[in-house]
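Chemist: Here you go, one structure.
The values are calculated or read from the model by the stated rules, or taken from the named source; none is laboratory data. Please read all numbers here as calculations on a predicted model, not as lab measurements. Please note: Cβ atoms are built from the backbone with ideal geometry, for glycine as well, and neighbour counts cover all protein chains shown. Note: accessible area is taken over every heavy atom of the protein model, side chains too, but ligands, DNA and RNA are not part of it. Shrake-Rupley method; radii C 1.70, N 1.55, O 1.52, S 1.80 Å.
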Amino acid sequence: MNIYEDKFHASIQNSFFHKLSQSEQEFIRSRAYMYRFSHQEIRQIIDIARDLEMWNEKNIIEIFPEHSQKKVVFSRLKKAYEELRNKPNSYKDFELKNQRDEQKFTFKTEAKEGFGLGLCPVASEKTRCCNLLTLDAVESCGFDCSYCSIQSFYNQDTITFDSSFAQKLQNLKLDKNRTYHIGTGQSSDSLLWGNREGILDALFDFARQNPNVILEFKTKSDNVKYFLENSVPKNILCTWSLNTPTIILNEEHLSASLEKRIRAARIVADKGVKIGFHFHPIVEYENYLKEYKGVYTRLLKEFQPDEVALVSFGTLTFIKPVIKQLRERDFRSKITQMPLVDANGKSSYPHDIKVEMFRHAYESFAPWHKEVFFYLCMESHEMWSEAFGYQYSTNNDFERAMLGAYTKKLEMEFLI
Ligand code: SF4
């Protein structure tokens, strides 16, 4: 091997090169030899090729510019890639590939160290945050949402239950003179597993023992059997993460359809349980506002504001491990095909796109503004005033407003 071959060989180690098609590999190798690309340039070309495949766009061979000068070729290639990344996505001709179409997991029950109760894992002082406490009842999730960061924390094929979960909950000593908001839908879906390993028994008992706790179950499932068969303590909230049919079909694999989620929410609300809806992530694509409007309008028609405690909005924010994990998978997703800018150390949409989607969402729920609590999740302080027309000066103010609204809706005493 000559010197450059050695260099090329070294550059493709631990990259996605071998995940590319044979023809793409041969093409990149030939162009690298022709232009003597640097280590960094070779890595970027491989990532570009990987993204184009994942986005179901033209491949690297089709967009690769021809010119005698390496510098011109590389800058034109980056430009072509950025243009594809920044154009509004269309799922019209999008073909899914290798997405998970059935739930195949190993269930594991073991005594876990410690207790998964803590501040929301994505909370930050850099964003306006509600100080939610999250409780990890189960580790890893059975759904396969392409944008989800859980996949970068846990092994996706093993669902782990803590054999001492119920005991730890019983032993949990909280301040009786304070209202808490605890959510169980971060490390896994709250309802997908039903009462497996007695987790819902334990959580409902915990809610009964701690009437000062607002316990939120967040789900993308329609598995509400336990709620229908058991009396539900009034300090329990059941909330659905919703999205448009286009995003559910193409990016929220294995989860319940929009129809099933809304029907499940309707059934639970009919039982007098207070519910809520999370639109997180709102995803930008061709005509997205029209499709989201359809979902917002449907909720206004099918639910009464006194049944609904909250509606929240949020959007895509990526940490590097998730982008790497997505490139590692042999499937199709358009979720990273978006104009990405820095958002407090993570990557997200540019400011103006966020203002557009959040203002549109909030204004679409105008009839509920006085009776339902609306919030932005993980967004900058300024985004509130631009999208909602008001903002909280601190995270504690935000939390107080949220707890005040929830306790009123749940007819609980608000203890601060
Ligand atoms: S606003 Fe969102 S990210 Fe922040 S603490 Fe609340 S749930 Fe977590």
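Chemist: Can you confirm whether region 297-314 contains a residue that is touching a residue at least 12 places away in the same chain (Cβ under 8 Å), among the aliphatic types (A, V, I, L, M), part of a helix (DSSP H, G or I) and under 22 Å from PHE398 (Cα atoms)?
Modeler: No, region 297-314 has no match at all.
Chemist: What number of residues within region 242-271 are under 17 Å from GLU216 (Cβ atoms) and touching a residue at least 40 places away in the same chain (Cβ under 8 Å)?
Modeler: To start, the set of residues in region 242-271 that are under 17 Å from GLU216 (Cβ atoms) comprises 242, 261, 264-265, 268-269, 271.
Next cut, touching a residue at least 40 places away in the same chain (Cβ under 8 Å) only: 242, 261, 264, 268, 271.
Looking only at that region, the number is 5.
Chemist: Within region 293-313, take every residue that is of a type in the set (Gly, Ala, Ser) and surrounded by 14 or more Cβ atoms within 10 Å (Cβ to Cβ) and give me the one that is nearest to the chain's Cα centre (by Cα).
Modeler: SER312
Chemist: I'd like to check something: does region 212-223 contain any residue that is surrounded by fewer than 20 Cβ atoms within 10 Å (Cβ to Cβ) and not polar (S, T, N, Q)?
Modeler: So far as region 212-223 goes, no, none of its residues is surrounded by fewer than 20 Cβ atoms within 10 Å (Cβ to Cβ) and not polar (S, T, N, Q).
Chemist: On to the next question. Answer yes or no: is there a residue in region 275-292 that is hydrophobic (A, V, I, L, M, F, W, C), buried (at least 21 other Cβ atoms within 10 Å of the Cβ), in contact with a strand residue (DSSP E or B) (Cβ under 9 Å, 6 or more places away or on another chain) and under 22 Å from LYS87 (Cβ atoms).
Modeler: yes
Chemist: Does region 345-385 hold any residues that are in a loop (DSSP other than H, G, I, E, B) and among the charged types (D, E, K, R), and which are they?
Modeler: Matches in region 345-385: LYS370, GLU371.
Chemist: May I ask you to verify whether ILE159 is at pLDDT 95 or above, of a type outside the set (Phe, Trp, Tyr) and part of a strand (DSSP E or B)?
Modeler: Judged against the criteria, ILE159 is not a match.
Chemist: Can you tell me how many residues in region 224-254 are surrounded by fewer than 17 Cβ atoms within 10 Å (Cβ to Cβ) and not in a helix (DSSP H, G or I)?
Modeler: The number of residues fulfilling the criteria is 3.
Chemist: Mind listing just one residue for me: the one in region 125-140 that is open to solvent by 20 Å² or more (accessible area, probe 1.4 Å) and more than 7 Å from the ligand (Cβ to nearest atom) and, of those, modelled with the lowest pLDDT?
Modeler: GLU125
Chemist: Please indicate, with yes or no, whether at least one residue in region 327-343 is in the same structural domain as THR127 (by TED's automatic domain parsing), over 29 Å from ASN177 (Cβ atoms), within 16 Å of the ligand (Cβ to nearest atom) and assigned to a loop (DSSP other than H, G, I, E, B). Spell out the reasoning first.
Modeler: Our first condition is that a residue be in the same structural domain as THR127 (by TED's automatic domain parsing); within region 327-343, this holds for 327-343.
Retained after the next criterion (residues that are over 29 Å from ASN177 (Cβ atoms)): 327-343.
From what is left, the residues that are within 16 Å of the ligand (Cβ to nearest atom) are 343.
Okay, now just the ones that are also assigned to a loop (DSSP other than H, G, I, E, B), so none.
Within region 327-343, none of the residues are in the same structural domain as THR127 (by TED's automatic domain parsing), over 29 Å from ASN177 (Cβ atoms), within 16 Å of the ligand (Cβ to nearest atom) and assigned to a loop (DSSP other than H, G, I, E, B).
Chemist: Could you give every pair whose Cβ atoms fall below 7 Å, whose first residue belongs to region 156-178 and is closer than 14 Å to PHE107 by Cβ and open to solvent by less than 30 Å² (accessible area, probe 1.4 Å), and whose second residue is charged (D, E, K, R) and part of a loop (DSSP other than H, G, I, E, B), counting only separations of at least 6 or pairs across chains?
Modeler: ASP162/LYS112
Chemist: From the list LYS346, LYS408, pick out the single residue that is within 16 Å of the ligand (Cβ to nearest atom) and charged (D, E, K, R).
Modeler: From the options LYS346, LYS408, the qualifying one is LYS346.
Chemist: Considering only region 141-152, how many residues are more than 15 Å from the ligand (Cβ to nearest atom) and over 20 Å from LYS112 (Cβ atoms)?
Modeler: Final tally of qualifying residues: 4.
Chemist: Another question, if that's okay. Taking the condition of being within 16 Å of the ligand (Cβ to nearest atom) and out of contact with any Cys (no Cβ under 9 Å at 6 or more places or on another chain), how many residues in region 292-314 meet it? Spell out how you get there, then give the answer.
Modeler: Pass one, region 292-314, residues within 16 Å of the ligand (Cβ to nearest atom): 309-314.
Still in the running and out of contact with any Cys (no Cβ under 9 Å at 6 or more places or on another chain): 309-311.
Qualifying residue count, region 292-314: 3.
Chemist: Right, next: Would you be able to say whether some residue in region 187-202 is part of a helix (DSSP H, G or I) and buried (at least 21 other Cβ atoms within 10 Å of the Cβ)?
Modeler: Looking through region 187-202, at least one residue is part of a helix (DSSP H, G or I) and buried (at least 21 other Cβ atoms within 10 Å of the Cβ).
Chemist: May I ask you to list the residues in region 6-52 that are of a type in the set (Asp, Glu) and at pLDDT 95 or above?
Modeler: GLU24, GLU26, GLU41, ASP47, ASP51
Chemist: For the subset of region 365-381 comprising residues that are over 20 Å from SER241 (Cβ atoms) and within 16 Å of the ligand (Cβ to nearest atom), which member is most open to solvent (accessible area, probe 1.4 Å)?
Modeler: Within region 365-381, the match that is most open to solvent (accessible area, probe 1.4 Å) is HIS381.
Chemist: In this structure, is LEU316 at pLDDT below 95, open to solvent by less than 10 Å² (accessible area, probe 1.4 Å) and under 17 Å from the mean Cα position of the chain (by Cα)?
Modeler: The answer is no for LEU316.
Chemist: Moving on to the next point. Where residues in region 382-395 are away from the ligand (no atom under 12 Å from the Cβ) and under 24 Å from the mean Cα position of the chain (by Cα), which of them is surrounded by the fewest Cβ atoms within 10 Å (Cβ to Cβ)? Full working, then the answer.
Modeler: Step one: list which residues in region 382-395 are away from the ligand (no atom under 12 Å from the Cβ), which gives 382, 385-391, 393-394.
Then keep just the ones that are under 24 Å from the mean Cα position of the chain (by Cα); that gives 382, 385-388, 391.
Numbers: GLU382: 12, SER385: 10, GLU386: 16, ALA387: 23, PHE388: 18, GLN391: 17.
Checking each candidate, the answer is SER385.
Chemist: Here's something else I'd like to know. Of the conditions (1) of a type in the set (Phe, Trp, Tyr); (2) touching a residue at least 40 places away in the same chain (Cβ under 8 Å); (3) surrounded by fewer than 17 Cβ atoms within 10 Å (Cβ to Cβ), PHE398 clears all except one; give me its number.
Modeler: (3)
Chemist: Evaluate the following for TYR406: is it over 17 Å from the mean Cα position of the chain (by Cα) and touching a residue at least 60 places away in the same chain (Cβ under 8 Å)?
Modeler: Against the criterion (over 17 Å from the mean Cα position of the chain (by Cα) and touching a residue at least 60 places away in the same chain (Cβ under 8 Å)), TYR406 qualifies.
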